[in-house]
Amino acid sequence: MSFEFSDHDREMDLYDFNPGTGEFTREVLTLIKANEGLPAYTTNTPIPDLPEGYVAVFDTVLKEWETVEDNRGEIAYSKDGDSSKDYVVATLDPIPDTHTLVVKPAGPDYSFSNGAWSLNPDLVAATLAECKKEKCAELRQLCGDGICTGFNSDALGEDLSYRCRQDDQEKMWVASESAAGGKIWAGELYTHHTQAQGTTVYALGLALIESCTTVYADKLLEVAAATTVAEVEAI
C-alpha cells in the first residue's frame, strides 16, 4: 500500500520492522502529522496472513512483505554426517544446501541423500575399523597390566606378592638357572632365592604370562570376528 502525504493530522496503523533484518516487530496505531512522512523502519502496508512457522520480512526495495520460514532454534544437520558441522539456526537466512533440518538418527555412520538419512557403508566400515583398533589397544593394555600386577607365592615359606614386569621376569630366570640362586623382589624386599625357590617363582610367572596372553589372543579373535560396533564394544 503506497503512502500519500496529507495536509491534516491523521492516525494510521503502521507496521514496524527490524532495521537490520526487515522482520516485522509490531503493529501500532500512530499519529501522522500533516505533511509528514512515515517514521523510519515502518510501513503502512499490512503484513500478510502467516502460516505457522513463518514470519513477515519487509523488502525495502520492492516495498512489500515477504513470507519467510522461521527455523530459528532448530538444528541444521550437515548432510555429510559430520556432527561437528551441525549448528543451531540463529537467523532467518536460508538453510544452505550442505545442511538439512531433517533430524539425523543417532550414530556417526549416516549420510543424507534424496531427502532422507541412510547408513553409509563406507562410514560404517571406517567406524568399525577404528572401533576394532581401539579395542585391540585396550586389550593389549589389559594384558600388560595383568602381567605386571604379578602373582603370589609361598616359595619363601610365607605368602608374598611378586611383580612380573620385564626386569622381574629376567631376575626370576637368573635365579632359576643359577645354582647359587639369585635375588628377586618378594613383597617389598629384594630377597635372595635359592635355585629351587627361583624355579618355583619363575614357573608361576610363566604361568601368569601364558594365562594373560591366552586370554588376549582369544579376545583378539573375537574382535576380528565382530561385524558391528556393538559386538566389538561388548568384548
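The values are calculated or read from the model by the stated rules, or taken from the named source; none is laboratory data. Worth saying up front: this structure is predicted, and the values here are computed from it rather than measured. Neighbour counts are summed over all protein chains in view; Cβ atoms, including those assigned to glycine, are modelled from backbone coordinates with ideal geometry.
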Would you say ASP59 is acidic (Asp, Glu) and not assigned by TED's automatic domain parsing to the domain that holds LEU38?
no
Quick check, is ASP159 surrounded by fewer than 11 Cβ atoms within 10 Å (Cβ to Cβ) and either in contact (Cβ under 8 Å) with a residue 60 or more places away in the chain or touching a strand residue (DSSP E or B) at 6+ places or on another chain (Cβ under 6 Å) (or both)?
yes
Within the range 224-235, can you find the residues that are under 23 Å from the mean Cα position of the chain (by Cα), in a helix (DSSP H, G or I) and in contact (Cβ under 8 Å) with a residue 60 or more places away in the chain?
VAL229, VAL232, GLU233
Matching residues, the range 1-41, being among the β-branched types (Val, Ile, Thr) and at pLDDT below 95:
THR21, VAL28, THR30, ILE32
Count of the range 99-118 residues which are free of Cβ contacts under 8 Å to residues at least 24 places away in the same chain, closer than 27 Å to GLU222 by Cβ and surrounded by 13 or more Cβ atoms within 10 Å (Cβ to Cβ)
1
GLY81 being assigned by TED's automatic domain parsing to the domain that holds TYR110, without any contact (Cβ under 8 Å) to a residue 60 or more places away in the chain and not in a strand (DSSP E or B):
yes
Could you run through the range 175-210 and say how many residues are surrounded by 15 or more Cβ atoms within 10 Å (Cβ to Cβ) and among the basic types (Lys, Arg)?
0
Between a first residue in the range 197-221 that is over 15 Å from ILE235 (Cα atoms) and in contact (Cβ under 8 Å) with a residue 60 or more places away in the chain and a second residue that is small (Gly, Ala, Ser) and assigned to a helix (DSSP H, G or I), which pairs have beta carbons less than 6 Å apart while being 6 or more apart in sequence or on different chains?
CYS212/GLY146
Applying the selection to the range 2-26, what residues are touching a Pro at 6+ places or on another chain (Cβ under 9 Å) and surrounded by 13 or more Cβ atoms within 10 Å (Cβ to Cβ)?
LEU14, TYR15, ASP16
